[in-house]
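Below you'll find the structure, written out as structure tokens, and then a few comments.
The values are calculated or read from the model by the stated rules, or taken from the named source; none is laboratory data. Predicted model only: the values in this text are computed from it and were never measured. Here the Cβ is made from the backbone with ideal geometry for all residues, glycine too, and neighbour counts use every protein chain on show. Side chains included, ligands, DNA and RNA excluded: accessible areas come from the protein's heavy atoms. Shrake-Rupley method; radii C 1.70, N 1.55, O 1.52, S 1.80 Å.
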Amino acid sequence: MEFANVIVDISHEKLDRVFQYRVPESLKGKLQAGMQVEFPFGMGNRRMKGYVVGFSREPDYPLDKIKELTGIVEGSVKAEAQLIALAAWMRERYGSTMNQALKTVLPVKQKTRQRQSRRMVRKISREEGEMLLQEYQRKKYRAKARLLEALLQDEMLDYQKTLERLKLSASVISGFEKNGIIEIKSETIYRNPFAGRRVNKKQEITLSKEQKQAVEGIWGDYRQGIRRTYLLHGVTGSGKTEVYMELIARVIDDGKQAVVLIPEIALTFQTVMRFHERFGERVSVMHSRLSDGERYDQFLRAKDGEIDVIIGPRSALFVPFFHIGIIIIDEEHENSYKSETVPRYHAREAAVFRAGMCGASVVLGSATPSVESYYHAGKGEYGFYRLSERIGEARLPKVSIIDLREELKRGNRSIFSWRLKEAMEERLCRGEQTMLFLNRRGLSGFVSCRACGTAIRCPHCDVTLSLHNDGRLKCHYCGYEIPMPKVCPSCGSGYISGFRAGTQQIEREVLKHFKGARVLRMDYDTTRTKESYEQILTAFGRGEADILVGTQMIVKGHDFPNVTLVGVLAADISLYASDYRASERTFQILTQASGRAGRGMKAGEAIIQTYKPEHYSIRTAAGQNYEEFFRQEMMYRQMLGYPPAAFMMGIYLSGPAEGALQMCAGMLGSMIRKFEMKGITVIGPAAAALSRKNDMYRMVIYLKHKEETALLILKKKLEKELEKDPVWQKIYIQFDYNPLNAY
């Protein structure tokens, strides 16, 4: 006897467990893991739908309690074993319900109406048609006569256009169909995100020596059946995309498919068009700004084998490709690859797991690799290739660091240093373009001194304290707090306060200081509509503006040959985020920002303004010296036991009653300590960075351990204990493995 393990339709969140059903004789040999099935459920035997997640020969319950499957749902989404297995792995690793994991990976969540092209095809001969037309004219059937005349002129007509042009009712056409005069043919039309775009003719690309080494090395492994993960570390403008495309072309020739993950919607325009030029209609894109219809159609195209390459953010990893040869993660260091909703998976880890299931290679590319990826490459766990020079005649920009403390001493209280003003005026005179980047990423109410650059930090966690509305500074790792100081504790200056500046203020200052300059602004407020990213970038690329002001979205992956100056305003803001990764993020964003300058034939310059010019992340970013940055950053991580020197897990608690939440957080902290796991470090519980959201109070506990498996074992123990006590039913708990952002 065979039994199917089934999870109930994923819209039923509370039914997060596997149910067992008998497989009837009529379905034996037809049923596969991942198929959607129908079955009786509950006391009244009402019919429900769910997914098969596995099979068993042994019953888990008494045989008289196990009901029989009713049948396979026709036309259902075939999740198949690969995605079901991926969901199960995500549930186990990241701590979610199976329903939540399935909702994340299933390729189609809601069917939208398909677009149809309908055509009328004449079935009768011309002679029969002419005789019938005479009869219609004699009987004064004007509408029928108009339609038949059109069909005699053209044997095939578009249904909707003919209806409108000849002013016909649908009943006239249905009458023709009923009488066998015409046949209606329908054809599905896929909504195409590239519709109406002009595609340039693809140009032949000659790979550099370093690019060839990377391609041939990875492809050499592939041909030998070796599938592994590779880190491609290439300086900005070194041609990583050309390496990706060459590898994809070879994988497609081998009959396989490719997934390309990119971190931001803002990157989609230039990146996707380059792939579209190379691979034509066999490439498509997935991102949240597509309409429901466009999104659904790309899933259909992938499932029906109409495309070979899918490009998009992390959700593109779950398209229904089942012959994947390569998964590429561009700008692999980006935080957006980590989900901030349950399950809190990292696309890099999920990609490696999925690649293992389908026998694919994974390529991670970045000018500023994550510390974790570089660490794994250094240990030999990842293959490693480096692109050390820009392609063509382009050269890395000259980078200057401006000490804003000295500017203050000279009486300059402007947003712009003297050198940046001068450089911007030079570009305006020469007809060249400037990008001004405001490094607001990670801003969380930090307090710093403008005279000496000191930021107020937690003495226990080495992260900045955050300023709250009650005037107190708090640590969101351990809960340490102090009152807001009136003078700097380092130099005694009264120039101590929180940072307040935005892109709108920068834009106003630019227009004030540079009369006649054409300015574009790119931030959250100006990019809310579907096409806004592309419109701003296209306008700037055409030279319709002299200066582009924006946040981090302007400095990632864009290639504008006429940009010869990048100004980084208040570069050290990201250093002051209450986050142990603050230095890494600062190095990455400054290196990426500087890399936007000088990507064409003209020399580029980057000017970095900062209150902490001596900080290693700023110095090494200015020198494009990743190795030195990594060396110093790893010393810091090892001393404090932060990833990748150790492993970390966040436990996030939220609930409607503050007192009950604090009590439960304390109980959970005590429970963890009672397990007496050797080598475990428990930090907290403490108030979350955002301590109240949507009337839900929030707290956090952090755990650190040298061994990854120790944290996963502890998570399982906690999950079992939490199921036993009803006190936890009103508390929502999430697990976050190696968290990237503050809760």
Would you mind finding the one in VAL272, VAL352 that is touching a residue at least 12 places away in the same chain (Cβ under 8 Å), open to solvent by 30 Å² or more (accessible area, probe 1.4 Å) and either under 19 Å from TYR382 (Cβ atoms) or not acidic (Asp, Glu) (or both)?
VAL352
State whether the residues of the range 293-315 include one that is touching a helix residue (DSSP H, G or I) at 6+ places or on another chain (Cβ under 9 Å), of a type in the set (D, E, K, R), under 30 Å from PHE735 (Cβ atoms) and open to solvent by 10 Å² or more (accessible area, probe 1.4 Å).
yes
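Is at least one residue of the range 543-563 among the aromatic types (Phe, Trp, Tyr) and either free of Cβ contacts under 8 Å to residues at least 40 places away in the same chain or open to solvent by 20 Å² or more (accessible area, probe 1.4 Å) (or both)? Break it down stepwise before answering.
Taking the range 543-563 as the starting set, the residues that turn out to be among the aromatic types (Phe, Trp, Tyr) are 560.
Okay, now just the ones that are also either free of Cβ contacts under 8 Å to residues at least 40 places away in the same chain or open to solvent by 20 Å² or more (accessible area, probe 1.4 Å) (or both), so none.
Within the range 543-563 (the criterion being among the aromatic types (Phe, Trp, Tyr) and either free of Cβ contacts under 8 Å to residues at least 40 places away in the same chain or open to solvent by 20 Å² or more (accessible area, probe 1.4 Å) (or both)), the answer is no, since none of the residues qualifies.
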Filtered residues of the range 696-715 (kept if under 28 Å from the mean Cα position of the chain (by Cα) and without any contact (Cβ under 8 Å) to a residue 40 or more places away in the chain)
THR709
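Against the definition (among the hydroxyl-bearing types (Ser, Thr, Tyr) and at pLDDT 85 or above), how does SER96 come out, yes or no? Steps first, please.
On the way: among the hydroxyl-bearing types (Ser, Thr, Tyr): yes; at pLDDT 85 or above: yes.
When the stated conditions are applied, SER96 passes them.
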Give me the pairs, please: first residue somewhere in the range 144-163 and buried (at least 18 other Cβ atoms within 10 Å of the Cβ), second residue anywhere and polar (S, T, N, Q), beta-carbon distance under 7 Å, and either six or more positions apart or on two chains.
ALA145/GLN137
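Criterion first (closer than 26 Å to THR551 by Cα, open to solvent by 40 Å² or more (accessible area, probe 1.4 Å) and assigned to a strand (DSSP E or B)) does SER497 satisfy it?
Details: closer than 26 Å to THR551 by Cα: yes; open to solvent by 40 Å² or more (accessible area, probe 1.4 Å): yes; assigned to a strand (DSSP E or B): yes.
When the stated conditions are applied, SER497 passes them.
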Looking only at residues that are under 11 Å from the mean Cα position of the chain (by Cα) and not in a strand (DSSP E or B) in the range 305-320, which one is nearest to MET357 (Cα to Cα)?
LEU317
Taking the conditions exactly as written (open to solvent by 20 Å² or more (accessible area, probe 1.4 Å) and free of Cβ contacts under 8 Å to residues at least 60 places away in the same chain), does PHE322 satisfy them or not?
no
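Yes/no matrix, rows are residues, columns are (1) open to solvent by 30 Å² or more (accessible area, probe 1.4 Å); (2) part of a helix (DSSP H, G or I); (3) modelled with pLDDT under 85; (4) in contact with a Cys (Cβ under 8 Å, 6 or more places away or on another chain):
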{"position": "SER26", "(1), (2), (3), (4)": "yes, yes, no, no"}
{"position": "GLU38", "(1), (2), (3), (4)": "yes, no, no, no"}
{"position": "GLU58", "(1), (2), (3), (4)": "yes, no, no, no"}
{"position": "ALA81", "(1), (2), (3), (4)": "yes, yes, yes, no"}
{"position": "ILE84", "(1), (2), (3), (4)": "no, yes, yes, no"}
{"position": "GLN100", "(1), (2), (3), (4)": "yes, yes, no, no"}
Checking SER490 against (1) assigned to a loop (DSSP other than H, G, I, E, B); (2) open to solvent by less than 30 Å² (accessible area, probe 1.4 Å), which test does it fail?
(2)
How about the range 338-362: which of its residues are touching a Phe, Trp or Tyr at 6+ places or on another chain (Cβ under 8 Å), over 17 Å from ILE84 (Cβ atoms) and in a helix (DSSP H, G or I)?
ALA347, ARG348
